[in-house]
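Structure first, commentary second.
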Amino acid sequence: MAATRRLVLEALRGRAAFPFSGLGFRHYSQDGESSWFRSLFVHKVDPRKDAHSTLLSKKEANHLYKIQFHNVKPECLEAYNSLAEEVLPKLHSDANYPCDLVGNWNTWYGEQDQAVHLWRFSGGYPALMDSMNKLKQNQEYLEFRKERSKMLLSRRNQLLLEFSFWNEPLPRSGPNIYELRTYNLKPGTMIEWGNNWARAIKYRQENQEAVGGFFSQIGELYIVHHLWAYRDLQSREETRNAAWRKRGWDENVYYTVPLVRSMESRIMIPLKISPLQ
């Protein structure tokens, strides 16, 4: 405690640099000193008996999302894209299937030769099961899966819910690039993450870059995905830098970084069939 008290006094006298600058944080200005002082004390989250999925997800929409990661053999990526663009829109447009394509991409920067697909099931788990049962009888889709399996090195998926305070991921015109930022959180920290981001999202809305925010329910747990859209990489850089100039954004970063075990950024290019262009 004595060391902490000394650090606080030095900071208030203007003699101490921000102690976590080595982690990528910026030095605070004088205007931010009070914010920095408050950040030394841990946010308290009221204990709740509800599951975090109940507290953080959108109740009125009752949407369930599935994200798929397909690692494709490098020589097969073009054929894989052509096959997906032929078959997947048919499921999207068929009213008998309660599922919609949200977005389809190839990873540009990040893991190479990878396809990412995001689906929405309107009606939650019953809609998911309805779609799965119907697909078992869909011969064209079964042939698609058989042909697709020859092109893949590996695949994995997760079932997701959307955060209540994020935008609904709606179709948008392009051209855009998309960034999928994936956070592996420490178990038990999802509500604290949500508390902070519910306040922080206002700092990232001016350029309509916020597309959607999700957290995992089945698959790898305590995973958060934030999806952003930018005109290009330079626009991404400028938009992210602008957030740091807004008072309060730095405090959000300070509080949320300790909750993260690991993080990953993918820059993705939409496929022709993607509603998010």
Q | Tabulated pairs, the range 253-277, first closer than 23 Å to Trp193 by Cβ and assigned by TED's automatic domain parsing to the domain that holds Thr189, second among the hydroxyl-bearing types (Ser, Thr, Tyr) and in a loop (DSSP other than H, G, I, E, B), C-beta under 8 angstrom, 6+ apart or interchain | A | Tyr254/Ser39; Tyr255/Ser39; Leu259/Thr189
Q: Look at Asp113 and say whether it is of a type in the set (Asp, Glu), surrounded by fewer than 19 Cβ atoms within 10 Å (Cβ to Cβ), touching a strand residue (DSSP E or B) at 6+ places or on another chain (Cβ under 9 Å) and under 14 Å from Val72 (Cα atoms).
A: yes
Q | Where Tyr97 falls short, out of the listed (1) at pLDDT 95 or above; (2) outside any helix (DSSP H, G or I); (3) buried (at least 18 other Cβ atoms within 10 Å of the Cβ) | A | (1)
Q) Quick check, is Arg245 within 24 Å of Gln112 (Cβ to Cβ), free of Cβ contacts under 8 Å to residues at least 24 places away in the same chain and out of contact with any His (no Cβ under 6 Å at 6 or more places or on another chain)? A) no
Q. Which of (1) touching a residue at least 24 places away in the same chain (Cβ under 8 Å); (2) surrounded by 12 or more Cβ atoms within 10 Å (Cβ to Cβ); (3) within 28 Å of Asn62 (Cα to Cα) is the odd one out, the single condition Met151 does not satisfy?
A. (3)
Q) What single numbered condition from (1) assigned to a strand (DSSP E or B); (2) surrounded by 13 or more Cβ atoms within 10 Å (Cβ to Cβ); (3) not aliphatic (A, V, I, L, M) fails to hold for Lys90? A) (1)
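The values are calculated or read from the model by the stated rules, or taken from the named source; none is laboratory data. Being a predicted model, the structure only gives us computed values, none of them experimental. Counting neighbours? That spans all protein chains shown, and the Cβs are built from the backbone with ideal geometry, glycine included.
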